[in-house]
Amino acid sequence: MKRLSELLVGVQALDTPTLDPTIAALEYDSRKVAKGYCFFAVVGTASDGHDYIASAVEHGAVAIVCQRKPETLYEGIAYIVVKDSNEAMAHMAAAFYDHPSRDLRLVGVTGTNGKTTTATLLYDMTMAMGYRAGLISTVVYRIGQQSIASTHTTPDAIRLNAMMRRMVDEGCEYCFMEVSSHSVVQHRITALHFTGALFTNLTHDHLDYHGTYKEYIRAKRLFFDHLDKSAWAVTNIDDRNGEVMVQNTVAKSYRLSLRSMADFRTKIVEMHSDGMLLHLDGHELWVRFTGRFNAYNLTTVYAAATLLGMEREAVLTTLSTLTPVSGRFETIAAEDGTIAIVDYAHTPDALQNVLDTIEEVRRDEQRLIVVCGCGGDRDRTKRPEMAAIAVKSATTAIFTSDNPRTERPEAILDDMIAGVGGARNYLRITDRGEAIRTAAMLAQRGDII
């Protein structure tokens, strides 16, 4: 528990109360409020928390953080008016949990593709080297060996600080987290202290939320803009936005590349379906990953580990033992030599990278069957692009449903097929299970799905 005045340090309030109640917990969902809570009235895309202030008070809230005072003011309730409730919530959550990020070596990973793989491999490597670490990713949250179901790429500020406090209390030294563009503009990571920041790449995504590609770039860059002088930043300069990310940062900047001179340089010596031989920072290294995009991910992991002060030889040795993250170019081989590759690719660039990698290791006689879909309630403009990429690379493409959310699967498939032009090498099978079974039936000995 904390007094309200303790939580307001660092919050730029437009109006503060004379009351100073003891706060038992923080919450922005009025249905979860209980006695002694501080409720945050957050303006969202679908609802406005200001409409639920009365409900929060009825449930026991003793303090309300809002962007405008309600018409009806309840006696004995502390009202704090702020410019942005999300930003205030981030500062107050950090204070409520005693600023746990200051007691961790926190590394954030941002970019369109590669965030999950990079953050997860950093966690896996650190744990394998005998350290205790936490992970906050799209797939799962981890505190040491404990797993917690993931709800968002980057959770809200309250849950984020609560998890980090648990990490500190349970002896974790490091935390590796994905930093989504949404989390930056919604202030979920505001008030966190980052030791380091990593940029993977930037391609077409989330324009349904940000509106324009320029705004998407700005959201990513803000993460680096807000780092302090004690932090370091690593950027991929082979991406055209790599230098943009660090142009305003006061953190110590480092570059990585597969194409030119950089602080961290990697060259792919050999590539096979089951791994690659890399020349990384002056050392030859066999890894159980394949694909140029994975060479970037591994270089990013190596750069972060060495900047965290880990011994280079130990880092290289451990990198050679790591295995791909589930659903990220995950390879499954059948007895007849048919290969299935599962990848989370959900942007045109990510799909192109996966198919380019397959092309580099595919033999002439091997046919390629591509099964793909696009999620509902997300950026519609990438749907025809992904379909066009699939039919161009595949012997046969099968378009199917992938988490339609509130949209009709058939409408999503209509958007995708608008991009195939005159191509005829595709099937449309709405049911995903049936689509996968069809691909398996079409595949002959040695083919790739």
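Give the percent of DSSP beta bridges with both residues in the chain that are antiparallel, rounded to the nearest 5. Here the share of antiparallel DSSP bridges comes out near 40 percent. Residues whose amide H falls under 5 Å from that of residue 254, counting only those 5 or more places apart or on a different chain, are 233, 234, 235, with hydrogens built in the peptide plane. Taking 348, 70, 324 as the candidate residues, the one with maximal mean-square fluctuation in a Gaussian network model of the chain, Cα springs under 10 Å, is 70.
Contact order, relative form, for segment 333-449: 35 percent (alpha carbon pairs under 8 Å, 6 or more residues apart, mean separation divided by residue count). Among the listed values [x] 21.8, 78; [y] 21.5, 69; [z] 23.9, 78, the one matching Rg and Dmax of the Cα atoms in Å as calculated from this structure is [z].
Seen against the Cα atoms of the chain and their longest principal axis, helix 292-307 is set at about 50 degrees. Relative to the dominant Cα principal axis of the chain, helix 382-393 is inclined by about 20°. Working from Cα pairs under 8 Å separated by at least six residues, relative contact order for segment 14-151 is 16 percent.
Pairs of Lys residues in the chain are counted when their Cα atoms are under 22 angstrom apart and they lie 8 or more places apart or on different chains; the count is 16. Using a probe of 1.4 Å, the accessible surface attributed to residue 182 totals some 40 Å² when neighbouring protein chains are kept in position. Given axes a ≥ b ≥ c from the Cα gyration tensor, I'd like to know whether segment 326-449 is rounded (a/c under 1.5), prolate (a/b larger than b/c) or oblate. Note, shape of segment 326-449 comes out prolate. An oblate overall shape is assigned to segment 5-50, the ratio a/c of its alpha-carbon gyration tensor axes (a ≥ b ≥ c) being 1.5 or greater and a/b not exceeding b/c.
GNM remark for the chain: springs join alpha carbons under 10 Å apart, and the peak mean-square fluctuation among 257, 55, 183 falls on 55.
Once backbone amide H atoms are built at 1.01 Å from N, residue 376 has 405 as its partners under 5 Å, excluding neighbours fewer than 5 places away on the same chain.
Near residue 397, the amide H atoms lying under 5 Å from its own belong to 370, 426, 427; only residues 5 or more places off or on other chains count, and H is placed 1.01 Å from N.
Based on the Stokes-Einstein relation at 4 °C and a viscosity of 1.567 mPa s, and on the Kirkwood radius from alpha carbon pairs, segment 1-87 is assigned a translational diffusion coefficient of 103 µm²/s. Expressed as a whole percent, the accessible area of segment 292-449 that falls on carbon and sulfur atoms is 50 (1.4 Å probe).
On a 1.4 Å probe surface of the protein chains, which of 166, 445, 367 comes out largest in accessible area, and what is the full order?
These residues rank, largest area first, as 445, 166, 367.
Based on C-alpha pairs under 8 angstrom that are at least 6 apart in sequence, the chain has a relative contact order of 10 percent.
Reported to the nearest whole Å, the Cα centre-to-centre distance from segment 292-322 to segment 13-67 is 44. Residues in segment 131-138 carry Karplus couplings, in order, of 8, 9, 9, x, 9, 10, 9, 4 Hz; the curve used is 6.51 cos²θ - 1.76 cosθ + 1.60 with θ = phi - 60°, and Gly or Pro positions show x. Taking a ≥ b ≥ c as the square roots of the Cα gyration tensor eigenvalues, segment 226-361 comes out prolate, since a/c reaches at least 1.5 and a/b is larger than b/c.
Listed values for segment 366-371 are Karplus-derived 3J(HN,Hα) couplings in whole Hz (6.51 cos²θ - 1.76 cosθ + 1.60, θ = phi - 60°), namely 7, 7, 10, 10, 10, 10, and x replaces Gly and Pro.
Carbon-plus-sulfur accessible fraction, segment 1-85 (probe radius 1.4 Å, protein heavy atoms only): 48%. The gain in end-to-end length when the residue 430 to residue 47 segment is fully stretched comes to 134.7 nm, 0.36 nm per residue minus the alpha carbon separation. Using just its DSSP H runs of length 4 or more, each adding -39500 (n - 2.57), the chain gives a mean residue ellipticity at 222 nm of -9500 deg cm²/dmol after division by all residues. Across segment 101-111, rounded Karplus estimates of 3J(HN,Hα) from the backbone phi angles (6.51 cos²θ - 1.76 cosθ + 1.60, θ = phi - 60°) give 5, 6, 9, 10, 9, 8, 10, x, 10, 10, x Hz, Gly and Pro being marked x. The C-alpha atoms of the chain define a longest principal axis, and helix 115-128 lies at about 90 degrees to it.
The values are calculated or read from the model by the stated rules, or taken from the named source; none is laboratory data. Predicted, not measured: the structure shown is a model, and the values here were computed from it. These area figures cover heavy atoms from the full protein model, side chains too; ligands, DNA and RNA do not enter into them. Shrake-Rupley method; radii C 1.70, N 1.55, O 1.52, S 1.80 Å.
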